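Chemist: Here it is, the structure in full.
The values are calculated or read from the model by the stated rules, or taken from the named source; none is laboratory data. Given the structure is predicted, the values throughout are model-derived calculations rather than measurements. Methodologically, a virtual Cβ is constructed for each residue, glycine included, from the backbone with ideal geometry; neighbour enumeration extends over all protein chains shown.
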Amino acid sequence: MSATTAAAGAPAMGGARAKEQAKGGIAPAIEALKGKIDSTVAAQLEACIHCGQCAEACHFYLTSGDPRLTPRHKLVPLETVYRRHMAPFSGLARMFALAPADLTRADLEAWAELLYDSCTLCGRCTVVCPMGIDIASLVRLSRAALVAADLVPESMQAAADRAVAQGSPLITEEVMRRVCAAQEKETGIRVPIDKQGAEYMVALSAMEYLNFYEVIGALARIFKAAGIDWTIASKGFEATNIGYQMGSDAIARTLVSRIVDAAHDLGVKYVVSPECGHAYTALNWEGPNMVGRPFDFEVVHILELLDRLVREGRIRLAPDETRRVTYHDPCQISRRGGVIEEPRHLLRALGANFVEMKRHGVANICCGGGGGVSAVTRAEERRIAAFACKKAQIDELGGIEGLVTACANCRNVLEEAIDAWDMELPVLGLTELVAEHLVDEAPAEEAGAPAGAA
Amino acid sequence: METPFWLWLIEGPFWLIAATIFVLGVGWRLVSLLALGRRRDLSVPRGSAAGGALRAILLHFIPHGGFFSSTTFHVLTGYLFHLALFALLLFAAPHVTFLEKNVLGFAWPAMPRWAFIVTAELAFAGLILLWARRISDPVQRQITDGGDHAQLWLTFAVMLTGCLALEEASLALRGLHMVMVELWLIYFPFSRLMHAFTWALSRGAMGATFGRRGVMP
Amino acid sequence: MDKHRRWLPSLAALGISARAGLAAMALLLASPLVGPSLGPGAWLGKALGPGGAAWAQVAAPGNRLGTAPPPARLWRDIRRGRAGAPSGTAIGTGVLVQSEGQRWRELHNRRVRPYGGWALLGSLGAVALFFALRGRVRLDGPRTGRRMARFTQAERVVHWYVAGLFVLLAVSGLTLMFGRGLLLPVMGKSAYGALASAMLQGHNLFGPLFIAGILVMAALFLKDNLPQKGDLLWIAKGGPWMRSHAPSWKYNIAEKAWYWLAVVAGLVLSASGLVMEFPWVFRDISWIQLANLSHGIAALAIMAVALGHIYLGTIGVEGALEGMTTGSVEEAWAFQHHEMWARETAAGSAGARGGTEAESEGARPGAARAGHAAAE
C-alpha cells in the first residue's frame, strides 16, 4: 500500500528517479532499508530527541570534533526511509509534502563514509543515550542500503568476496592446515582437524591463523590439560563474518551456515567462539536468526570456557604473572556480548597485577577498528587517530606493562596504533596468557588449587 | 461571570476535538508502530528479556558508564525542564480545576501561587537553556530539524500564554492559553513530542535485546 | 449570540487596565514607613527642583458620594504627606498622598519615556545609516577553511540564554512603557488591559531568570573584557569603520564598552527590578519610584546599544555570527577583526612560545605585522 502511495505522491521525483534507475537505482536500497525496519527500529527512531549526547561516546567524534560523525547523524538514510515510507501517518505526511524527500544515490554516496569508515559498531553511544537507542545496530542495518546500492568500500567488498570464495577473508583451507600442522610440531600436541564426534569444535578468526597462530598451540595445550576432545572443521574453520559487518544478509548467512553445517556434520556438542568480537555476536546472538532455526549445538565463548575450566579445576594456572597489566574489553564480547567478568577472573587467577581502565566493561572505549572498519583501507588514518581515546585511558593508569585483550582484531588494530603513536606496549592475547601459566600436572589431584580464581 | 461564546467554543468543542485527535493520534501511532512487529529471537538467552527491558527503562533515567561529567548540561537542563513542566501540568491550580471539570471529575491539592511561580521560572530556565544549546552546539545543529524547533517553540508558547494568564483575570488570555494547548495536543501525535511515550518502548526494546545477552549497556 | 455580546462590557468591567497600567500608581496609596526626607524621595524632589509644594495648593477634590468636601486644611496636610491613623493598610503607614509620586511621574512621563523613545529610534537610525554608508563588512580575502575557537559552549549557552530573555523582557517592557501611548488608542481599553496584564506577568516572570543569566555572563566574559595594552590603537586606526584593519584583542574597545554597559545596566536593571517585584521589602514608596526610573533609563540605554550589537553580530559583519552559533570563527575573520587575539591564539595552538614566531607570520604575511607592532 505504501509503495503505491509513494509512486502517486512523487510525480516531481519522476525525472530524478528515472535517472537514478539508469545508474543502478536507488529503489533496491530503499527496499533494503524498509525490510530492516521493525517495531524496535521504529521505536528507537521515534524516541530520538536529537540531544547529541551520543557524540560524547564516539571515539571518532571525540578525536575529530567533526559534528558529522555524531552517531545519530549516521542514521539519516534509515530515518529518511522510515519517515517517508514506513512511519505512522507517513502517507498523510507525503500528501501534505511534510515527509522528507526520498533517499537519493547522492545521499548514500555521502553516507558511505559515515556508515563504513566512521562507525565501529561498538555501541558505546547506547550507554550515554537517554533513550537507550542501540545506534550501532541501526548503523549496521543501514549498511544494507549501501550493499544494495553497491557502495561497499572496495577493500571490504574484496574481503567479503574472498571469504565467500575461499572460506576466509585472509587465508585458504590449505593455509589453515599448514598453520595447524606447524603448531602441532611446535607444541608436540595434536591439532585435530575434522574429528568426527568431537565434543568441541573450535572456529578461529582469520587474523589468528595469519598473525596470532600461537593461539592454536595454546588451545591445544589447554584442551589437553583439561582433557577436552576438540577439533577444527575444514568446512567451517573461519569464525569471522564479514557479511555480518558489511550488512549483507546473504553473505552473512552463507558464512555462518558453514560453521553451523560443519558442526552439524561433525556432530559436536559445542562450538567455541574464539577471541574475536563480532564473531561471537554473529554466531551466538545473530547466527540462529540468520539461518532461521535454533542451533543443534551450544555456542560457548572461549573466555567463558576457560573461566569454567579454571573454576571447575579442570586446568590449573600458576599465579606467577608479575606484570602490571590492564584489560581492553572487546566491545562485541563485553558491552554487546555479556562476557565481562570471565576475563577478569582469569587475569586474577594468573596472579597478574591487574588494574582497570577508568572506563571498562560496559563503558569501554573501542580499539578503533571494530565493525569492519579495520577492513576499510581508506579509514586507516581515522582509525589510528581514534586510538587517542584508548591511549589516554592507558596513559592515565601509568606504568602499564601489558595490554591484555581477547579479540584478534582488537589486538591487531591496537598493535598498529601503538606502533603509529610511537608507544612501547605489548598487546597480549588472554588465551595465550592462560596457556603460558598452565600447570601441566594432572588437574584432578588438587581440585582446590585455583582458589585465586574466585 | 458567564462564559462568552468564543471561550465556550475554545473550551468546549475545540477542546474535545483537540483531545480526541491527541488520544486517537497517539494511540494509532503507538499501535501501528508496534504492529511493525519484531521477529522472534532464536538465540539461546543468557538472561531475561523482560528483566532487561525493565532494567534499561530504569537504568537510562540516570547517566551511567561515567558519562555524567561530559553530559552534565544535558542531564541537568533536561530534568530541570521536564520535572518543572510536569509539576506545572499536574499541580497548577487552574489545571487541577480544569482537569476536574473537563476530564477526570476529581481534584487533588494544587500548589500555592508562590510555588507555581518558582516552578514556572525553573521550567522556563530549563527550556531556554535547552534552546540555547540547540542553536549553539555544532553537534546539535547537525542533527536538529524543523520539528525540533517547532515543538520547542510550541511548548514555549503554551507555557508562556499560561503564565501570561497568571492573573486569571482575563478571559482572552485564558482563551489564548487554551488555543495554544489545543494546537500542542493536535501537533503532538505527528511530531517528536511522541518521545513522551516512545522513550519507554525504545529503552525497553534495547533492554530486551541485551537482557537476553546478560549485559546492560 | 447573546452570550457573545454580553462579555465585552464585562471584560471592561474587570478593570484590568487600571491594575496593570497603573500598577505603580496604585502603590502611591500606600505610605512610606519613614518620612520621604530619609528615603530616595529627597533625591526625587531635588531632581525636579522646587515647586513641589505648589501641588499642595490645589483645591481639594470633589466627592462622588455627594457629601461635603474635606476641609481645606485637612486636604493640605494630606497633600503634604502627613501621616494619619488609618484603620488598616497593607503597606506602610497612614500617609494618604505621597507628593513625590507626582515628581516621579513627571520624570518618568516627561523625561525618561520620550527621551528613551527617541534614543531607541535614534539608535535604529544610526544602525541604518551605518549600513547605508558602510554596508556589510565583508571578509577581505577568501575563506581559509581553518577555524579558530572563539566562544566555549558555556559562553554560547549563557549568551543565548541571556539574549533570549533580553528579547522577551524588552518586548514586554517596551509594551508596558510605551503601550499606553501607542497601543491603547489603537487597541482599545479592554484589549490593551489584557495585553498589559500579560506583559506585566511575563516581565515579572522572566526578570529573575535574566538576573541569574547576567551574573553568570558577567563572570564568564570578564577576563577578556578587562582593559589591555593596545585597546586604544583600535580607535586610533579608525576602528568603527573597519577599513584600516584596526587590530584588537579578543574584544575591541567598543565591544568591551558594550560588555561593561551590559553588566552595569544589567545590574541596575536587576536591582531595581527586584525592588519593584518585591515592593513590600522596601516599604518606602520612594525607593520604588527611584527603582522605576533607573530601571527605565538602564533598560533604554541597554536596548539602544543592543540594536547595534545585534546588527553587527548578524548581518553587519560577515562571519561574526558563526562564533556564537558554532563556537569557532573563520581564521581570516579572526585576523581581519581581532588580529592580536588571532595571533595569540594561533601561536598558542601551534605550541609556539612568545607569539612572534616566524611561522605564524610567515603563514599570514602582512596581516601579522600591524598586530605585532600594536602588541609592543
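Chemist: Does residue A:168 fit the bill of being part of a loop (DSSP other than H, G, I, E, B), over 30 Å from residue A:43 (Cβ atoms) and of a type in the set (Gly, Ala, Ser)?
Modeler: So residue A:168 passes the test.
Chemist: Return yes when residue B:29 is buried (at least 16 other Cβ atoms within 10 Å of the Cβ), touching a residue at least 24 places away in the same chain (Cβ under 8 Å) and farther than 17 Å from residue B:200 by Cα and no when it is not.
Modeler: Details: buried (at least 16 other Cβ atoms within 10 Å of the Cβ): yes; touching a residue at least 24 places away in the same chain (Cβ under 8 Å): yes; farther than 17 Å from residue B:200 by Cα: no.
No.
Chemist: Can you find a residue that is facing another protein chain (nearest Cβ under 7 Å), among the small types (Gly, Ala, Ser), assigned to a helix (DSSP H, G or I) and surrounded by 19 or more Cβ atoms within 10 Å (Cβ to Cβ) anywhere in region B:123-138?
Modeler: Yes; the residues of region B:123-138 include at least one that is facing another protein chain (nearest Cβ under 7 Å), among the small types (Gly, Ala, Ser), assigned to a helix (DSSP H, G or I) and surrounded by 19 or more Cβ atoms within 10 Å (Cβ to Cβ).
Chemist: Moving on. Do any residues in region B:81-100 that are touching a residue at least 60 places away in the same chain (Cβ under 8 Å) have Cβ atoms under 9 Å from those of residues that are in a helix (DSSP H, G or I) and surrounded by fewer than 18 Cβ atoms within 10 Å (Cβ to Cβ), where the two are at least six apart or on different chains, and which pairs are they?
Modeler: If the second residue must be in a helix (DSSP H, G or I) and surrounded by fewer than 18 Cβ atoms within 10 Å (Cβ to Cβ), the pairs left are B:88/B:95.
Chemist: Moving on to the next point. With the structure loaded, tell me whether residue B:151 is in contact with a Ser or Thr (Cβ under 7 Å, 6 or more places away or on another chain), more than 7 Å from chain C (Cβ to nearest Cβ), modelled with pLDDT of 95 or more and farther than 20 Å from residue C:324 by Cα or whether it fails that test.
Modeler: Here the answer is yes, as residue B:151 does meet what is asked.
Chemist: Something else: Report whether or not residue A:186 is surrounded by fewer than 21 Cβ atoms within 10 Å (Cβ to Cβ) and touching a residue at least 60 places away in the same chain (Cβ under 8 Å).
Modeler: Details: surrounded by fewer than 21 Cβ atoms within 10 Å (Cβ to Cβ): yes; touching a residue at least 60 places away in the same chain (Cβ under 8 Å): no.
So residue A:186 fails the test.
Condition check ((1) assigned to a helix (DSSP H, G or I); (2) in contact (Cβ under 8 Å) with a residue 24 or more places away in the chain) across all residues:
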site: B:118; (1), (2): yes, no
site: B:173; (1), (2): yes, no
site: B:177; (1), (2): yes, no
site: B:181; (1), (2): yes, yes
site: B:194; (1), (2): yes, yes
site: B:202; (1), (2): yes, no
site: B:214; (1), (2): no, yes
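Chemist: Out of C:296, C:313, which single residue is in a helix (DSSP H, G or I) and within 14 Å of chain B (Cβ to nearest Cβ)?
Modeler: Numbers: C:296 fails: within 14 Å of chain B (Cβ to nearest Cβ).
When all the criteria are applied, what remains is C:313.
Chemist: Still on this structure: For residue C:164, all conditions in the list (1) facing another protein chain (nearest Cβ under 8 Å); (2) surrounded by fewer than 19 Cβ atoms within 10 Å (Cβ to Cβ) hold save one; what is the number of the exception?
Modeler: Checking residue C:164 against (1) facing another protein chain (nearest Cβ under 8 Å); (2) surrounded by fewer than 19 Cβ atoms within 10 Å (Cβ to Cβ), the one that fails is (2).
Chemist: Right, next: Mind checking which strands (runs of 3 or more DSSP E) fall wholly inside region A:284-375 and carry at least 3 residues that are farther than 23 Å from residue A:243 by Cα? Give the derivation first.
Modeler: Working: elements: A:298-301, A:324-328, A:353-355.
So the answer is A:324-328, A:353-355.
Chemist: Filter region B:145-165 down to the residues that are surrounded by fewer than 22 Cβ atoms within 10 Å (Cβ to Cβ) and more than 17 Å from the chain's Cα centre (by Cα) and list them by number.
Modeler: Selection gives B:145, B:146, B:161.
Chemist: Conditions first: (1) buried (at least 22 other Cβ atoms within 10 Å of the Cβ); (2) in a loop (DSSP other than H, G, I, E, B); (3) facing chain B (nearest Cβ under 10 Å). Residue A:127 passes all but one, so which condition is the exception?
Modeler: (2) is the only condition that residue A:127 fails.
Chemist: Would you say residue A:292 is away from every other protein chain (no Cβ under 14 Å) and among the small types (Gly, Ala, Ser)? Break it down into steps so the answer makes sense when it comes.
Modeler: Working: away from every other protein chain (no Cβ under 14 Å): no; among the small types (Gly, Ala, Ser): yes.
Judged against the criteria, residue A:292 is not a match.
Chemist: Have a look at C:286, C:272, C:197 and point out the one that is more than 17 Å from the chain's Cα centre (by Cα), surrounded by 22 or more Cβ atoms within 10 Å (Cβ to Cβ) and more than 14 Å from chain B (Cβ to nearest Cβ). I'd like the intermediate steps shown before the answer.
Modeler: On the way: C:272 fails: more than 17 Å from the chain's Cα centre (by Cα); C:197 fails: more than 14 Å from chain B (Cβ to nearest Cβ).
It is C:286.
Chemist: Still on this model: Are there any pairs with C-beta distances below 7 angstrom linking a residue in region B:36-61 that is more than 8 Å from chain A (Cβ to nearest Cβ) and of a type outside the set (A, V, I, L, M) to a residue that is assigned to a loop (DSSP other than H, G, I, E, B) and buried (at least 17 other Cβ atoms within 10 Å of the Cβ), with the two at least 6 apart or on different chains, and if so which?
Modeler: Hits for this filter: B:52/B:216; B:55/B:216.
Chemist: Residue check, residue A:83 against (1) modelled with pLDDT of 95 or more; (2) more than 8 Å from chain B (Cβ to nearest Cβ), all met but one. Which one?
Modeler: Unmet condition: (1).
Chemist: Across region C:316-334, what is the total count of residues that are part of a helix (DSSP H, G or I), among the acidic types (Asp, Glu) and crowded, with 18+ Cβ neighbours inside 10 Å? Give the steps one after another, and end with the answer.
Modeler: Restricting attention to region C:316-334, the residues satisfying the condition of being part of a helix (DSSP H, G or I) are C:316, C:321-326, C:331-334.
Adding the requirement that they be among the acidic types (Asp, Glu) leaves C:322, C:331.
If we keep only those that are crowded, with 18+ Cβ neighbours inside 10 Å too, we end up with C:331.
The total comes to 1.
Chemist: A follow-up question, please. When you check residue A:385 against the structure, is it in a helix (DSSP H, G or I), out of contact with any Pro (no Cβ under 9 Å at 6 or more places or on another chain), in the same structural domain as residue A:346 (by TED's automatic domain parsing) and closer than 26 Å to residue A:318 by Cα, yes or no? Spell out the reasoning first.
Modeler: On the way: in a helix (DSSP H, G or I): yes; out of contact with any Pro (no Cβ under 9 Å at 6 or more places or on another chain): yes; in the same structural domain as residue A:346 (by TED's automatic domain parsing): yes; closer than 26 Å to residue A:318 by Cα: no.
Criteria not met by residue A:385.
Chemist: Within region C:213-223, is there a residue that is over 20 Å from the mean Cα position of the chain (by Cα) and in the same structural domain as residue C:272 (by TED's automatic domain parsing)? Give the steps one after another, and end with the answer.
Modeler: So in region C:213-223, the residues over 20 Å from the mean Cα position of the chain (by Cα) come out as C:223.
Then drop every residue that is not in the same structural domain as residue C:272 (by TED's automatic domain parsing), which leaves C:223.
For region C:213-223, residues over 20 Å from the mean Cα position of the chain (by Cα) and in the same structural domain as residue C:272 (by TED's automatic domain parsing): present.
Each row is one residue, and each column tells you yes or no for (1) within 25 Å of residue A:340 (Cβ to Cβ); (2) of a type in the set (Gly, Ala, Ser); (3) free of Cβ contacts under 8 Å to residues at least 12 places away in the same chain.
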position: A:265; (1), (2), (3): no, no, no
position: A:291; (1), (2), (3): no, no, no
position: A:302; (1), (2), (3): yes, no, no
position: A:308; (1), (2), (3): yes, no, yes
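Chemist: Now a separate question. Evaluate the following for residue B:210: is it facing chain A (nearest Cβ under 10 Å), in a helix (DSSP H, G or I) and not aliphatic (A, V, I, L, M)? First the steps, then the outcome.
Modeler: On the way: facing chain A (nearest Cβ under 10 Å): yes; in a helix (DSSP H, G or I): yes; not aliphatic (A, V, I, L, M): yes.
Yes, satisfied.
Chemist: Would region A:349-358 turn up any residue that is away from every other protein chain (no Cβ under 14 Å), surrounded by 24 or more Cβ atoms within 10 Å (Cβ to Cβ) and closer than 20 Å to residue A:421 by Cβ?
Modeler: Looking for residues that are away from every other protein chain (no Cβ under 14 Å), surrounded by 24 or more Cβ atoms within 10 Å (Cβ to Cβ) and closer than 20 Å to residue A:421 by Cβ, one finds none in region A:349-358, hence no.
Chemist: Could you check how many residues of region A:22-48 are facing chain B (nearest Cβ under 7 Å), of a type in the set (A, V, I, L, M) and surrounded by 23 or more Cβ atoms within 10 Å (Cβ to Cβ)?
Modeler: Counting residues in region A:22-48 that are facing chain B (nearest Cβ under 7 Å), of a type in the set (A, V, I, L, M) and surrounded by 23 or more Cβ atoms within 10 Å (Cβ to Cβ) gives 3.
Chemist: So, in region A:70-92, of the ones that are free of Cβ contacts under 8 Å to residues at least 40 places away in the same chain and β-branched (Val, Ile, Thr), which residue ends up farthest from residue A:136 (Cα to Cα)? Walk me through it before giving the result.
Modeler: Our first condition is that a residue be free of Cβ contacts under 8 Å to residues at least 40 places away in the same chain; within region A:70-92, this holds for A:70, A:76, A:79-80, A:83, A:88-89, A:92.
In the following step, the residues that additionally are β-branched (Val, Ile, Thr) were identified as A:70, A:76, A:80.
Working: A:70: 12, A:76: 13, A:80: 17 Å.
The extreme case among them is A:80.
Chemist: Here's a follow-up. If residue B:118 passes every condition in (1) in contact with a helix residue (DSSP H, G or I) (Cβ under 8 Å, 6 or more places away or on another chain); (2) farther than 26 Å from residue A:130 by Cα; (3) among the β-branched types (Val, Ile, Thr) but one, which one does it miss?
Modeler: All conditions are met except number (1).
Chemist: Pairs please, first residue from region B:1-26 and within 14 Å of chain C (Cβ to nearest Cβ), second anywhere and buried (at least 17 other Cβ atoms within 10 Å of the Cβ) and basic (Lys, Arg), Cβ atoms under 8 Å, 6+ apart in sequence or on different chains.
Modeler: B:7/B:174
Chemist: Looking at region B:51-58, can you tell me whether even one residue there is within 20 Å of the chain's Cα centre (by Cα), of a type in the set (Val, Ile, Thr) and at pLDDT 90 or above?
Modeler: Looking through region B:51-58, at least one residue is within 20 Å of the chain's Cα centre (by Cα), of a type in the set (Val, Ile, Thr) and at pLDDT 90 or above.
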